[in-house]
Amino acid sequence: MSGAGVITVDGPAASGKGTIAAGLGRLYGLPVLDSGLLYRAVGVLLQQAGGDLGDEAAAVAVARTLRPEALDNDLFRTRGAGEAASRVAVHPQVRQVLLTLQRDFAAQPGGAVLDGRDMGTVICPTAGAKLYVTARPEVRAERRWRQLTGQGEAVSLEEILADIRVRDARDSGRATAPMAPAPDAVLLDTSEMTIDQAADAARRIVEAARARQAP
Ligand code: CDP
């Protein structure tokens, strides 16, 4: 696994990592994988089939049927989908099934940008540049609330803040691939940043990492 051209962007819910990853992809002309969508799709499709999110074997069966081209679906971007995703993401065998797909994406010639929770720790530990994007829970809740109400969901800011706290605890407390910064990731706190400021800070982190690797 080489990974020199790979940029990993990990961090908690609504920290700004998706926007940062998309911006880096555009800037460097790299394909972007939003790995959260894989878990969201498994959770939503399992629920649609009448399955139980706690049933590991059923979740594995759904994960095996995932087609990357079918992920861009608004059904996977709801509040409920985020919650379902984090519940199926605790299953080690679900993570194992999704591993190959993610590693193949990372191995594309020229590199890729990977957005998630364990991109820099598990999926591509050899990535040339690693970011861990955070923001205060209250700031993240407000961003997610704006996004979800903009999509037409009726939900309060307090409910979203509670969701975020539950999800942070579940994602960082699980036994397999817990959400955590890789030892060589650079932390980027976007609490006080605009989108443009965060994008610019991310670009500088990537350029510094690449400069360190240059022969
Ligand atoms: O957009 P947001 O940050 O809310 O969530 P997401 O990135 O779409 O991820 C949804 C959930 O999937 C997370 O809360 C994690 O439980 C899980 N996930 C994961 O376990 N590993 C990843 N690489 C990506 C997401």
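Data overview
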item	result
Mean Cβ count within 10 Å, highest first, over the residues of peptides 119-125, 135-141	119-125, 135-141
Euclidean distance of C-alpha centroids, region 160-215 and region 39-110, integer Å	22 Å
Dimensionless Rg/Rh of the chain - Kirkwood Rh, Rg from C-alpha atoms	0.95
Computed E for residue 159/residue 212 - FRET, C-beta separation, R0 45 angstrom, nearest 0.05	0.55
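Just so you know, all these numbers are worked out from the coordinates, no wet-lab data involved. Keep in mind it's a predicted model, so treat the numbers as computed, not measured. Backbone-built Cβ (ideal geometry, glycine too); neighbour counts: all protein chains shown.
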